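Novice: Let me begin by handing over the structure; questions about it come next.
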Amino acid sequence: MKDGTFSTMGLGMHLVTAVNNAANRVPPAWPLDASVAVNPFLGENQDTLANVAARYERIAGTSVVMPREWYLAKITSGDITDDDLQEALDVSAYNEKPGNTLQLKAAASKSARAPRALSTIAELSARYTQVDWNRFVQERIGLWASGFFDQGQALWSTSNEMGVWMSWRSWATHDVSPQLLGLNDFCYRADELPESAMDAITHFMQELDVPAEAIDTYMHQLYLSLGGWAQYARHKLWQSELAGVSNPIMIELLAVRLFWEHELYRTYHGVIGAAWAGTLRQHAEPLVPNKDHIIDEILQEAAERAHQRVLYEALMSTCSTQDVVTKETLDNTERAAPKLQAAFCIDVRSEVFRRALESVDSSIETKGFAGFFGLFTKHKRYASDVEENRFPVLLGATLTSGTKKPYDNKCDGELSQRYKERAHRAWGRFKLAAVSSFAFVEAMGPAYVVKLLRNAFGMQKMTAIDAHTPELITGLDSAASIDAAETILKAMSLTTGFGHIVLITGHGANVVNNPFASGLHCGACGGYAGDVNARLLTQLLNHSDVRAGLKERDIVIPEQTLFVAALHDTTTDTITVFDQDINADEHKNALVQVRRWLDEATVLCRAERCAKLPGANSANDVLTRARNWAEVRPEWGLAGCQAFIAAPRTRTANKNLQGRAFLHDYDWTLDKANNFATLELIMTAPVVVASWISLQYYGSSVAPKLFGSGNKLLHNVVGGFGVVEGNGGTLRVGLPWQSVHNGHTLVHEPVRLSVFIAAPKDAMTAILKKHAAVRDLFDNRWLHLFALDDDGRAMARYVGNLNWEPVIESTSNYVSEAAVPA
């Protein structure tokens, strides 16, 4: 065995393909310092919800929809109407579906059969022994993995230079606990394993007698049993794939888990052999949704149509004739330049602030754009060598940036800051070291009384915004700068009508004692705040050479227009304006007025958010939550997200969307001459990122044990990159329960995202035809797509297979096909 001579001929390339397919079904999990929302169904886009329900019942014993009582309550209250139920029935392609709405209601009134997973060998072994082998395996793998993946938290970490397989083999040869529980010769057999993880997998599968038809779901089940460890390894593979290099990490991690299955079967096959053979027969059966899965899919569809109906009415109510500003109107009307134009991230939390800001003065205009503002930069903070990827995780860096004061050993300020950081890290390691920690507690414990009291009363220091002005280091010469500025402004639909002050506003969150703090930052900025990208863009757009180049391309930015960067703290709704980055003397008075408007909007925003936060009785409570180290809900993040709207702001202005919609400014009439390049970018990047966010909240709500990270109160940070619940075991990923639940009920309505785009259907159809992965999301209804017409009154729904159908308005009249731009 040790010479790695196991034959792979038995299962052949089918096994290699199956292992890779199973690995691709595992969603990646980013580390805590740069966490971003991830679609837990990332590998399931080619299946429908009912098919996925059948899969997760088999491998996890988990439902992927809400309990029937949830749907029944909505039917009883009238939130879900008979029309919603009938429409959901009509679009279901399954022959086994209920025959009419009465039968569907009757089904909703009965609980679905409790899902039951097939057993792993670890679970079968536990039935015949006094050992919870499943839990034991998770703990042993977790103990090794926490050291292997450690990012500096552990004082004694496991070597990761040899890779997962060799590292674990080395570790397992010294782990005698399995032998004490009955797995004889465990250490010896680990030492005798082949050097190739794939050879080991092939041997294990042959020994376990796994037929080819059973490999898919069995492999997926084993990855699932590893919890967040498999997802964090998938993140490592994701990074390698972006860099264009191979990485066997997922194959090697699967080999580790399979070794445990093999050893348990070797030990207990006499008592579990028959049960295991029966399990394999069930794994080998085709995955076909049963009647319960079909009914649940239809009820979920009906719930989503109910929400869409409410949103239709909201959008229609804002689009009266006097509200709609068409291109022809703008061509024939002299419109005064806005005194303030504020561009925000499309994040749903920005909708609340944008609405508040627009309400304080009629000369204010807001826009929505992805919060990295089109700059794919790797950034190094002041006195730091850590590269922060401040762009969507789906993409790669094209720029690098740092601070305007480059690192220089002779630079006393930066060198002094580096010494402070090193001293802080050394002090932290001293406090936790195996020997010094005991003396530290005895000697220094009383000295921490002041700090404990200060933190308990919310008087601790908050993380300061980096005051050092960022600058681009590499990536853009003069011509490229003009190209970038043109692309960004066109993507923002901002090529004319510039305001006197244009505020480029990123967003972030400033909280204490929260391992998930980066998850409250900007997802488009890779889990970091959006201040750096906003400040870099304002420098670009204020540059005289760039403006001159844009003028030659028919984008004329008036001389008096000034771009200013800002940061929206979504926890406190405070806006920080970075006017120190620019020469703003001529706009001094205007900026004073801008700050007044922002302060007024902050007050309105806090008052609105206060009503939704548990225990918040006044707007001031919103402010203090950020400093409260015992607060498990400093803000709601993106809970409640339901829609993505890409349209001119006139479609959504003056309408309270309750912080539930991603708002992206888009004018298709400006994009038509560019072959709808901006539309393609929106549908393949921001829409996909929004779907990841929406489906993470969905998964953490409907299946919190599988897709959520559990209870914040029980979390312990491990390795500096993730959390475990309690003192070990499986790495927990996804959203904590407190992020979707207020203690009494869900605050996130688990519905899949509805995407509304004001653009011709033919243009969207062409993009779906070109991008198969995006089309899968809509064809299998992980996302819903609608076309808004030019007046904002009528819509068409995408129904799959590149087809559209008219949508019934609230007046119960069908929209004619002619009403929707083709």
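The values are calculated or read from the model by the stated rules, or taken from the named source; none is laboratory data. Model, not experiment: these values are computed from the prediction. Every residue, glycine among them, receives a Cβ derived from its backbone with ideal geometry; neighbour counts consider all protein chains shown. Ligands, DNA and RNA are stripped out before the accessible areas are found, and what is left, the full protein with its side chains, is counted by its heavy atoms. Shrake-Rupley method; radii C 1.70, N 1.55, O 1.52, S 1.80 Å.
Novice: By accessible area of protein heavy atoms, probe 1.4 Å, what ranking do LEU788, LEU287 get, highest first? Don't jump to the answer; show the numbers that get you there.
Specialist: Numbers: LEU788 5, LEU287 55 Å².
Sorted by accessible area, descending: LEU287, LEU788.
Novice: Taking amide H positions as placed 1.01 Å from N in the peptide plane, with prolines and chain starts having none, which residues 5 or more places from MET795, or on another chain, fall under 5 Å of its amide H?
Specialist: Residues meeting the criterion, in which the H sits 1.01 Å from N, are VAL807.
Novice: Let me ask another. P(r) tail for the chain, what percent of Cα pairs lie past 35 Å?
Specialist: Roughly 53 percent, rounded to a whole number.
Novice: Let me ask something else about it. Quick one: which residues, 5+ away or cross-chain, put their amide H under 5 Å from the amide H of CYS522? H built at 1.01 Å from N.
Specialist: Sorted by chain and number, the residues that satisfy this are GLY527, TYR528, ALA529, GLY530.
Novice: Could you derive backbone 3J(HN,Hα) for region 611-624 from the dihedral phi with the Karplus parameters 6.51, -1.76 and 1.60 (θ = phi - 60°), listing whole Hz in sequence and x where the residue is Gly or Pro?
Specialist: My calculation for region 611-624 gives 5, 9, 9, x, x, 8, 10, 8, 4, 5, 5, 4, 5, 6 Hz in order.
Novice: Taking 0.36 nm per residue of sequence separation and subtracting the Cα-Cα distance, how much length would be gained by fully extending the chain between ASP83 and ALA277, in nm to one decimal?
Specialist: Residue separation times 0.36 nm, minus the Cα-Cα distance, leaves 65.1 nm.
Novice: Ranked from the most accessible area to the least, with a 1.4 Å probe and all protein chains present, what is the order of MET66, MET219?
Specialist: Numbers: MET66 20, MET219 0 Å².
Correct descending sequence by accessible area is MET66, MET219.
Novice: Quick one: how many Å² of TRP171 are accessible to a 1.4 Å probe, rounded to 10?
Specialist: 60 Å²
Novice: So, one more: Determine, from the Cβ-Cβ distance of ASP90 and THR650 and an R0 of 30 Å, the FRET efficiency 1/(1 + (r/R0)^6), rounded to the nearest 0.05.
Specialist: On the way: r = 33 Å, r/R0 = 1.10.
My answer for the efficiency is 0.35.
Novice: With the cut-off at 18 Å, tell me which of the pairs LYS74/LYS612; LYS367/LYS655; LYS339/LYS588; LYS105/LYS291; LYS378/LYS770; LYS74/LYS110 have Cα atoms farther apart than that. Mind showing how you got there, number by number?
Specialist: Details: LYS74/LYS612 21 Å; LYS367/LYS655 15 Å; LYS339/LYS588 13 Å; LYS105/LYS291 14 Å; LYS378/LYS770 30 Å; LYS74/LYS110 15 Å.
Check vs 18 Å cut-off fails for LYS74/LYS612; LYS378/LYS770.
Novice: Here is a follow-up. How compact is region 627-696 by the rule of thumb for globular proteins, expressed as Cα Rg over 2.2 N^0.38 Å? Before the final figure, lay out the partial values.
Specialist: On the way: Rg = 15.7 Å, N = 70, 2.2 N^0.38 = 11.1 Å.
Cα Rg divided by the expected 2.2 N^0.38 Å: 1.42.
Novice: Roll a 1.4 Å probe over the protein heavy atoms and report the accessible area of LYS551 in Å², nearest 10.
Specialist: Rounded to the nearest 10, the figure is 130 Å².
Novice: Can you list residues from other chains, or at least 5 along the same chain, whose modelled amide H is less than 5 Å from the amide H of VAL723?
Specialist: VAL718, ARG732
Novice: Going by alpha carbons, how many degrees (0 to 90, nearest 10) lie between the helix axis of 49-60 and the longest principal axis of the chain?
Specialist: 40 degrees
Novice: Label-point separation (nm) for ALA243 and HIS174, each offset 7 Å from Cα along Cα-to-Cβ?
Specialist: It works out to 2.7 nm between the two label points.
Novice: Further question on the same structure: When only the heavy atoms of the protein chains count and the probe is 1.4 Å, how do TYR94, TYR56, TYR188, TYR528 rank by accessible area, highest first?
Specialist: Details: TYR94 45, TYR56 5, TYR188 135, TYR528 25 Å².
Largest accessible area first, the residues go TYR188, TYR94, TYR528, TYR56.
Novice: What is the percent carbon and sulfur in the accessible area of region 671-782, measuring with a 1.4 Å probe over the protein chains and ignoring ligands?
Specialist: Values: 2010 of 3860 Å².
Whole-percent figure for carbon plus sulfur exposure: 52.
Novice: Right, another one. Using only Cα atoms, tell me the angle between helix 761-770 and the longest principal axis of the chain; keep it within 0 to 90° and round to the nearest 10.
Specialist: 30 degrees
Novice: For MET795, what accessible surface area do you get with a 1.4 Å probe? Give it in Å², rounded to 10.
Specialist: 10 Å²
Novice: While we're here: With an 8 Å cut-off on Cα pairs and a minimum separation of 6 or more residues, tell me the relative contact order of the chain in percent. Let's see the in-between values first.
Specialist: On the way: 1402 pairs, mean separation 137.7, N = 822.
The value is 17 percent.
Novice: Which residues in region 473-505 have a backbone N closer than 13 Å to a point placed 7 Å from the Cα of ALA336 along the Cα-to-Cβ line?
Specialist: Counting backbone N atoms under 13 Å from the label point, the list is 500.
Novice: Turning to a different aspect of this structure: Grab the beta carbon distance between LYS404 and GLN151, set R0 = 30 Å, and tell me the FRET efficiency rounded to 0.05. Please list the in-between numbers first.
Specialist: Values: r = 29 Å, r/R0 = 0.96.
That pair, LYS404 with GLN151, gives E of 0.55.
Novice: Let me ask something else about it. Of the options ALA534, ALA233, CYS610, report the single residue whose Cα projects farthest towards the positive end of the charge dipole of the chain (beta-carbon charges: Lys, Arg +1; Asp, Glu -1).
Specialist: CYS610
Novice: Just the number, please: percent antiparallel of the DSSP beta bridges in the chain, rounded to the nearest 5.
Specialist: Values: 28 of 63 bridges.
Bridges in the chain are about 45 percent antiparallel.
Novice: Give the peptides 701-712, 254-265 in descending order of average Cβ contacts within 10 Å, highest first.
Specialist: So the peptides 701-712, 254-265, ranked by packing, come out 254-265, 701-712.
Novice: Mind checking the full-extension length gain between ASP776 and VAL592? Use 0.36 nm per residue of separation minus the Cα-Cα distance, one decimal, nm.
Specialist: Values: separation 184, 0.36 × 184 = 66.24 nm, distance 4.93 nm.
Length gained between ASP776 and VAL592: 61.3 nm.
Novice: How far, in nm, would the chain grow between SER111 and HIS744 when pulled straight, counting 0.36 nm per residue and subtracting the alpha carbon separation?
Specialist: Details: separation 633, 0.36 × 633 = 227.88 nm, distance 2.16 nm.
My answer for the length gained is 225.7 nm.
Novice: Spelling out what I want: for every residue of region 468-481, take phi, set θ = phi - 60°, compute 6.51 cos²θ - 1.76 cosθ + 1.60 (Karplus), and round to whole Hz; glycine and proline get x.
Specialist: 6, 5, x, 8, 6, 9, 9, x, 9, 8, 4, 5, 5, 5
Novice: Rounded, prolate or oblate, given the Cα gyration tensor of region 474-541, with a/c below 1.5 counting as rounded? Kindly include the intermediate steps, with their values, before the conclusion.
Specialist: Numbers: a/c = 2.85, a/b = 1.90, b/c = 1.50.
Because a/c hits 1.5 or more and a/b exceeds b/c, region 474-541 counts as prolate.
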